[in-house]
Amino acid sequence: MPREYPRTVRVGEQIHRELAQLLTVAVKDPDVGMVTILDADVSRDFAHAKVYFSVLGDDTSVRASAAGLNRAAGFLRRELGRRLKMRTVPQLRFVYDDTQRKGARIDALIDRALAEDAGPRTPEE
C-alpha cells in the first residue's frame, strides 16, 4: 500500500523552504532579481530536483534570473547540503513557471469579455 506522504514530497518541500530563504539571504547576484520559489520536484532517487520559480518583470528579466539561478545552482546545492541532513543533495535545475502570467492574462480576457457583454444596450435588444 503506498504511503500518503512520500519522502520525495517532504524533501521537495524542505528544499523549497530552504531555497526561498537562501535566495533572500545568501545569493548576491543582481541578475537573480525578485525571484519567488514556487515548488521543487525531487526525483525518486533524489539525484535531481526541478525547482520552479517566478519572477517580477518582463521576458529579459526572466531570462536573466534563470541564467543567474542556474549559475548559482552549485553554491545553492552546497548550502542545501549544509542545512539538510541528507546523504546526497540533488542537482538543482531551475525552471521558469509562467502559470501566474497565463492566469493573469486569462483573467484580463474574462474581465474584458464581461465588460463588453455589460456594455450599453440599445432599445432593440
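The values are calculated or read from the model by the stated rules, or taken from the named source; none is laboratory data. Values in this document were obtained by computation on a predicted structure and should not be read as measured data. Here the Cβ is made from the backbone with ideal geometry for all residues, glycine too, and neighbour counts use every protein chain on show.
Select from region 10-34 the residues that are touching a residue at least 24 places away in the same chain (Cβ under 8 Å) and β-branched (V, I, T) and write down the one among them that is farthest from R87 (Cα to Cα). Top of the filtered list is V32.
Annotation note: of R105, R87, the sole residue that is within 25 Å of V9 (Cβ to Cβ), exposed (fewer than 15 other Cβ atoms within 10 Å of the Cβ) and basic (K, R) is R87. Can you tell me how many residues in region 14-34 are in contact with a helix residue (DSSP H, G or I) (Cβ under 7 Å, 6 or more places away or on another chain) and loosely packed, with under 15 Cβ neighbours inside 10 Å? Residues in region 14-34 being in contact with a helix residue (DSSP H, G or I) (Cβ under 7 Å, 6 or more places away or on another chain) and loosely packed, with under 15 Cβ neighbours inside 10 Å: 1 in total. Residues in region 5-13 include none that are among the hydrophobic types (A, V, I, L, M, F, W, C), surrounded by 11 or more Cβ atoms within 10 Å (Cβ to Cβ), at pLDDT 90 or above and in contact with a helix residue (DSSP H, G or I) (Cβ under 9 Å, 6 or more places away or on another chain).
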